[in-house]
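Shown next, in structure tokens, is the structure this report addresses.
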Amino acid sequence: FQGLPFNKYTWLVTHNAFSIVNAPLLPGVQRITFYNQEDTVTNQLRNGVRGLMLDMYDFDNDIWLCHSLRGQCYNFTAFAPAINTLKEVEAFLSENPTEIVTIILEDYVHTPKGLTKLFTDAGLLKYWFPVSKMPRSDADWPTITDMIADNHRLLVFTSDASKEASEGIAYQWRYMIENEAGDPGVVRGSCPNRKESRPLNSKSSSLFLQNYFPSFPVQDQACKEHSAGLVEMVGTCYKASGNTMPNFLAVNFYMRSDGGGVFDVLDRMNGQSLCGCSTITACQAGAPVGYCKNNTTPIRSPTPMTSSSGSFSGSVQLSGSTSKAHYLNLLVSNLFPLLSVMVLV
């Protein structure tokens, strides 16, 4: 299991990572929009988030993060200049040289070379994973080990197909499949593909993004959403994709759950993908796939996801301290001795 490809893992993604409850308002403007997260992007990354969905627009002679509509940013839907958040990403990558971050852009920027200048000014080009190295078919990505050694630790995808040729930013649906976002993506027993995406079972892309959030985010409902319903939907999308485990799991209010929540589900998804066990904690260093702790009989096929959510006893950051989420502790103590790759997922 040493040096596994990037696409063998499942990574936690925050939907509208910038749309943060209690984010500062523009002077004299009341914001009118929905909110999807509760803590800063820096703390999201410190807590184990490794993918950020960001909506970027031309606004106020700059590029801003907005949660808006019809491709237009307004002062009442604007959050902050995008460079502020990208500098948070740069600081995190600089401080954590074995980490990999993915940014998925809902892209409404029309300024020529606007994104190129933005990422350059944020100091992120030195981490850029080049489009030329991205497999367009279902072939494996480079290994985590190689990506870290090459310092290719930032993956950026855009919803604007023209940006790949003009700015070298990967067009999202050339490289990944994706289920429908919003309410259609949380209907029990159904996992349709997004209209821009190839069919989930096409086996034509090496990455799979699973959206799991309702169209109208409600904080008080997130605990229920991230419990048995999330486990069941992961299983549904796994089957809909022809038994492909999602590489990215995008959620609102990622810290909320009635039990283990997204961290517990990710633990089980990675355990199933990487060693054929029900959780990462059951993986054994040096053992064949399917040989799990407390189980002497090898598992010949992936363990199905169940609705048992377990418990989440760790902590998450809200104040910028250096403590790690429970999920990261699981990875460090259990997965990486197995992989011999010193990288936090």
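Count of segment 64-90 residues, restricted to those that are open to solvent by 10 Å² or more (accessible area, probe 1.4 Å), aliphatic (A, V, I, L, M) and over 30 Å from Thr10 (Cβ atoms), is 1. For Ser273, the conditions (1) open to solvent by 40 Å² or more (accessible area, probe 1.4 Å); (2) free of Cβ contacts under 8 Å to residues at least 60 places away in the same chain are fulfilled apart from (2). Taken over segment 113-151, the criterion of being in contact with a helix residue (DSSP H, G or I) (Cβ under 8 Å, 6 or more places away or on another chain), free of Cβ contacts under 8 Å to residues at least 60 places away in the same chain and not in a helix (DSSP H, G or I) is satisfied by Lys113, Ala122, Gly123, Leu124, Trp128, Phe129, Met134, Asn151. In segment 210-265, which residue that is under 16 Å from Ile177 (Cα atoms) and among the polar types (S, T, N, Q) is surrounded by the fewest Cβ atoms within 10 Å (Cβ to Cβ)? Among those that are under 16 Å from Ile177 (Cα atoms) and among the polar types (S, T, N, Q), it is Asn243. Across segment 67-112, the qualifying residues are those that are part of a strand (DSSP E or B) and without any contact (Cβ under 8 Å) to a residue 24 or more places away in the chain, and the one among them that is farthest from Gln44 (Cα to Cα) is Leu69.
Highlighted here are the helices (runs of 4 or more DSSP H) found entirely within segment 162-262 that include at least 1 residues which are over 17 Å from the mean Cα position of the chain (by Cα) and within 23 Å of Leu274 (Cα to Cα): 230-240. Scanning segment 282-291 for residues that are touching a residue at least 40 places away in the same chain (Cβ under 8 Å) and either of a type in the set (Lys, Arg) or open to solvent by 50 Å² or more (accessible area, probe 1.4 Å) (or both) turns up Gln284, Ala285, Gly286. Do we find a residue being modelled with pLDDT of 90 or more, farther than 27 Å from Glu95 by Cα and touching a helix residue (DSSP H, G or I) at 6+ places or on another chain (Cβ under 8 Å) anywhere in segment 310-323? Looking through segment 310-323, none of the residues is modelled with pLDDT of 90 or more, farther than 27 Å from Glu95 by Cα and touching a helix residue (DSSP H, G or I) at 6+ places or on another chain (Cβ under 8 Å). Scanning segment 21-48 for residues that are buried (at least 22 other Cβ atoms within 10 Å of the Cβ), among the aliphatic types (A, V, I, L, M) and closer than 17 Å to Phe79 by Cβ yields one hit, Val41.
The single condition from (1) under 29 Å from Leu125 (Cα atoms); (2) out of contact with any Phe, Trp or Tyr (no Cβ under 9 Å at 6 or more places or on another chain); (3) modelled with pLDDT of 95 or more that Glu180 fails is (1).
Each residue in segment 211-239 was checked for being in contact (Cβ under 8 Å) with a residue 12 or more places away in the chain, among the polar types (S, T, N, Q) and more than 15 Å from Leu249 (Cα to Cα), and 2 pass. Among the conditions (1) surrounded by 15 or more Cβ atoms within 10 Å (Cβ to Cβ); (2) farther than 24 Å from Ser137 by Cα, Gly182 misses just one, which is (1).
For segment 144-164, the tally of residues that are of a type in the set (A, V, I, L, M, F, W, C) and within 15 Å of Val109 (Cα to Cα) stands at 3.
The values are calculated or read from the model by the stated rules, or taken from the named source; none is laboratory data. The structure presented is a predicted model; accordingly, all values stated were derived computationally and were not measured. With ideal geometry, Cβ positions are generated from the backbone for all residues, glycine too; neighbour counts draw on all protein chains shown. When the accessible area is computed, the model is the full protein with side chains, heavy atoms only, and any ligands, DNA or RNA have been set aside. Shrake-Rupley method; radii C 1.70, N 1.55, O 1.52, S 1.80 Å.
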